[in-house]
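**Q** Dropping a structure here in structure tokens format, bear with me for questions.
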Amino acid sequence: MFRKLPGFSGTLGVFVCLSIIAPSTFAADKDATAVPTASTTTTAEEILQLKRLLVEQQRQINELRRSVQEQSQPPTPQVAETPAAAARRPLGEIASTTAMLPAAPPAPVSMAIPLPQKLEAGSDEAPLQLRIGNTYLTPVGFMDFTAAFRDTDAGSGIGTNFGSFPYRPQTSVPGNLSEFKLSPQNSRIGARFDALVKGTKVLAYWESDFLGAVGSPPIGNVAISTNSYPLRLRLFWVDLKKDKWEVLAGQTWSLMTPGRNGISPLPSDIFYSQVVDVNYMLGLTWGRIPEVRFVYHPSQVVSMAFALDNAEQYVGGSGGGGAIVLPSALATPYGSQLSNGALTLTTPNLHPDLIAKIAFDGKMTNGNAVHFEVAGVGRTFKTYLPASAQHFTKSGGGISVGLNVEVVKGLRLLTNDYVSDGGGRYLFGQAPDLVVRSDGSLSLVHSMGTVNGFEYTKKNTLLYAYYGGVYISRNVTVDTTGAKPALAGYGFSGSANSQNRAVQEASFGFNQTLWKDAKLGALNFMGQYAYFSRNPWSVAAGALSHAYMNEIFVNLRYTLPGAAPSLK
């Protein structure tokens, strides 16, 4: 008979308890100290005490089980069990014959993509930002719907080929027709990836649109039954930044492209104007080119960079620009060595274009921001003439200067100017880099471009106006390789009226934000008017010496929500 049961703890107590109560009757323990009772049989009071003890042991078991579960799997809501409920459960549900093992180590961290967290009302977080491991993924892009009207038939889609819009004589069909187009091609998709790896900020960026060449590869029934615009790669780069140093590699805005803020590859820090035209402003120095870039930030005011850009030996013919005329006997051997816009990454190049830039970002006396930069590019061209077994090499380059200053709150004045000797490719291909002499040697073409204007922001409205221009010097050679001497090169007397001397653009427009929300994105309505003119070097008797064109863009844009994470 029990006087009292010894205290039990944990699993050991359960096993001892089971060994005592296993028989169908509770026999008295002869060695136990007698309790003050009138009977040697098990009393109802002792049985009740035993049940209470069992309930306490079950509670300890439940706590131990929960502790093990919390270490091996995500916690789940549990309802505490009352002693009364435990007392009513069958014995087999209270105790287990399975040995209790030490807690297992934590399970590996899952690499599954987590669902976006539900945002509280008024939160400024971006719902499209995901986290994969230690990397943040933020979708970027917008959906555009563009209407373009031109009073001549330029035949260039929604992007303007600045150097080739038609003249307007009575005999010109394109010059006496207008065109109207609707297109979603400027819509963009992409993403940015942010991570912090051992103190280094890693930023990868991808951006594509649908402005690829329609029909290459062939996609039938274009503009008839379906407009299956091909996807085009715009930007695809990775940038590593630690302390004052930064390294970038990939397809990016060339270092020759003017900036708005410091030296940065992000589109928001690049100046390519506010116009709707997908070819931007005439006279702008720019490129989206495979590049390796090294940047040093000695202070918050000064940034310095050096870059290697993929080179191209260019002789005109791209973006509506006029092409040079080669000496007749050199058209075949030099045709594959110099790019006229039709060759696809097959032109030989001696070395990458070498670019350096320094930028200053500070404050004026009134506290408004000012950005000033100077950039230079060095280029080398090389050809081979089989007839004489000779190599010909020529070096050139260009310099650009940019200024962007907020003169009063919301009003920014800006100018970006570029002069070059063999750098026409950076003017959207409006000028050739060089011409070829009869002996196979090379001669560089002088060219220059400018964009000047203002941008004014007031609450949700942006207004802008720009002037842009390109000037291309003539470079004439005498072709002695044919049956009789003739003129060749660029801008010679009798050359085609596609060899422009000057092309100009005046443009103004607006960008109205209809609504904007950090969680839902933004909706913008935009408009642009542009006037273009171009003048050739040579005009035939009775021909027009001036071509002009009026152009109107209207655009509706929905921009995806998104915000870069703060990595420290």
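The values are calculated or read from the model by the stated rules, or taken from the named source; none is laboratory data. Predicted model only: the values in this text are computed from it and were never measured. Using ideal geometry, Cβ is built from the backbone for each residue, glycine included, and neighbour counts are taken over all protein chains shown.
**Q** Select, from SER299, SER264, the only residue that is without any contact (Cβ under 8 Å) to a residue 12 or more places away in the chain, in the same structural domain as SER156 (by TED's automatic domain parsing) and either of a type in the set (A, V, I, L, M) or surrounded by fewer than 17 Cβ atoms within 10 Å (Cβ to Cβ) (or both).
**A** SER299
**Q** Name the residues in segment 525-562 that are assigned to a loop (DSSP other than H, G, I, E, B) and over 28 Å from the mean Cα position of the chain (by Cα), would you? Walk me through how you get there before you give the answer.
**A** Here is the first cut: in segment 525-562, the residues assigned to a loop (DSSP other than H, G, I, E, B) are 537-546, 560-562.
Passing the criteria: TRP537, SER538, VAL539, ALA540, ALA541, GLY542, ALA543, LEU544, SER545, HIS546.
**Q** So ASN497 passes all but one of these: (1) in a strand (DSSP E or B); (2) in contact (Cβ under 8 Å) with a residue 12 or more places away in the chain. Which condition number does it fail?
**A** The single condition ASN497 does not satisfy is (1).
**Q** Among the residues of segment 505-515, is there at least one that is without any contact (Cβ under 8 Å) to a residue 40 or more places away in the chain, surrounded by 14 or more Cβ atoms within 10 Å (Cβ to Cβ), under 38 Å from the mean Cα position of the chain (by Cα) and in the same structural domain as PHE162 (by TED's automatic domain parsing)?
**A** No.
**Q** With (1) at pLDDT below 95; (2) part of a strand (DSSP E or B); (3) not aromatic (Phe, Trp, Tyr) as the list, and GLY378 as the residue in question, which single condition is left unmet?
**A** Here GLY378 clears every test but (1).
**Q** Is it true that some residue in segment 444-456 is among the polar types (S, T, N, Q), surrounded by fewer than 24 Cβ atoms within 10 Å (Cβ to Cβ), in the same structural domain as SER328 (by TED's automatic domain parsing) and assigned to a loop (DSSP other than H, G, I, E, B)?
**A** Among the residues of segment 444-456, not one is among the polar types (S, T, N, Q), surrounded by fewer than 24 Cβ atoms within 10 Å (Cβ to Cβ), in the same structural domain as SER328 (by TED's automatic domain parsing) and assigned to a loop (DSSP other than H, G, I, E, B), which makes the answer no.
**Q** From the residues in segment 477-494 that are of a type outside the set (S, T, N, Q) and assigned to a strand (DSSP E or B), which one is nearest to the chain's Cα centre (by Cα)?
**A** Selected residue: TYR490.
Matching residues to (1) within 30 Å of ARG192 (Cβ to Cβ); (2) in contact with a His (Cβ under 9 Å, 6 or more places away or on another chain); (3) at pLDDT below 95:
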residue: GLN499; (1), (2), (3): no, no, no
residue: LYS519; (1), (2), (3): yes, no, yes
residue: PHE525; (1), (2), (3): yes, no, no
residue: PHE532; (1), (2), (3): no, no, no
residue: TYR548; (1), (2), (3): no, no, no
residue: ALA564; (1), (2), (3): yes, no, yes
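**Q** Could you list, in sequence order, all residues of segment 465-481 that are farther than 20 Å from VAL539 by Cα and either touching a Lys or Arg at 6+ places or on another chain (Cβ under 7 Å) or crowded, with 21+ Cβ neighbours inside 10 Å (or both)?
**A** We begin by selecting, within segment 465-481, every residue farther than 20 Å from VAL539 by Cα; these are 465-469, 479-481.
Those that are farther than 20 Å from VAL539 by Cα and either touching a Lys or Arg at 6+ places or on another chain (Cβ under 7 Å) or crowded, with 21+ Cβ neighbours inside 10 Å (or both): TYR466, GLY468, ASP479.
**Q** Hey, another quick one. Please go through segment 282-301 and pick out each residue that is touching an Asp or Glu at 6+ places or on another chain (Cβ under 6 Å) and within 17 Å of GLY163 (Cβ to Cβ).
**A** Passing the criteria: only LEU282.
**Q** Moving on. Let me confirm something: among LEU385, LEU462, which residue is more than 20 Å from GLY283 (Cα to Cα), in the same structural domain as THR347 (by TED's automatic domain parsing) and within 27 Å of the chain's Cα centre (by Cα)?
**A** After ruling out the rest, the residue left standing is LEU462.
**Q** OK, next. Within segment 322-356, how many residues turn out to be among the hydrophobic types (A, V, I, L, M, F, W, C), in a loop (DSSP other than H, G, I, E, B) and either closer than 26 Å to GLY482 by Cα or at pLDDT below 95 (or both)?
**A** 7
**Q** Restricting attention to segment 482-504, and to residues there that are touching a strand residue (DSSP E or B) at 6+ places or on another chain (Cβ under 9 Å) and within 12 Å of PRO327 (Cα to Cα), which single residue is surrounded by the fewest Cβ atoms within 10 Å (Cβ to Cβ)?
**A** PRO485
**Q** Restricting the first residue to segment 268-280 and requiring it to be more than 15 Å from ARG150 (Cβ to Cβ) and at pLDDT 95 or above, which pairs with a second residue that is of a type in the set (S, T, N, Q) and crowded, with 18+ Cβ neighbours inside 10 Å meet a Cβ separation below 7 Å and a spacing of at least six or different chains?
**A** Listed pairs, sorted by first residue: ILE270/THR257; PHE271/ASN404; PHE271/ASN416; TYR272/THR257; GLN274/ASN511; TYR280/SER273.
Each row is one residue, and each column tells you yes or no for (1) surrounded by 14 or more Cβ atoms within 10 Å (Cβ to Cβ); (2) under 22 Å from GLY319 (Cα atoms); (3) at pLDDT 95 or above.
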position	(1), (2), (3)
ASN186	yes, yes, yes
ILE189	yes, no, yes
LEU211	yes, yes, no
SER216	no, yes, no
THR226	no, no, no
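**Q** Show the residue pairs meeting these rules: Cβ distance below 7 Å; 6+ apart or different chains; first residue within segment 333-347 and under 16 Å from PRO432 (Cα atoms); second residue of a type in the set (D, E, K, R) and assigned to a loop (DSSP other than H, G, I, E, B).
**A** Final answer for the pair search is SER339/GLU312; THR347/GLU312.
**Q** Additional query: Report, by residue number, each residue of segment 457-495 that is of a type in the set (A, V, I, L, M, F, W, C) and within 30 Å of ALA530 (Cβ to Cβ).
**A** Listed by number, the residues that qualify are LEU462, LEU463, ALA465, VAL470, ILE472.
**Q** To continue, here is another question. Would it be correct to say that SER538 is out of contact with any strand residue (DSSP E or B) (no Cβ under 8 Å at 6 or more places or on another chain) and crowded, with 16+ Cβ neighbours inside 10 Å? Step through it out loud before you land on a result.
**A** Numbers: out of contact with any strand residue (DSSP E or B) (no Cβ under 8 Å at 6 or more places or on another chain): yes; crowded, with 16+ Cβ neighbours inside 10 Å: yes.
So SER538 fits the description; yes.
**Q** Continuing with the same structure: Would you be able to say whether some residue in segment 388-402 is closer than 25 Å to ARG293 by Cβ and either outside the structural domain of ALA213 (by TED's automatic domain parsing) or at pLDDT below 95 (or both)? Break it down stepwise before answering.
**A** Here is the first cut: in segment 388-402, the residues closer than 25 Å to ARG293 by Cβ are 395-402.
Now narrow it down to the ones that are either outside the structural domain of ALA213 (by TED's automatic domain parsing) or at pLDDT below 95 (or both): none.
No, every residue in segment 388-402 fails to be closer than 25 Å to ARG293 by Cβ and either outside the structural domain of ALA213 (by TED's automatic domain parsing) or at pLDDT below 95 (or both).
**Q** Taking only segment 357-375 into account, find how many residues are in contact (Cβ under 8 Å) with a residue 24 or more places away in the chain and assigned to a strand (DSSP E or B).
**A** Selection size over segment 357-375: 13.
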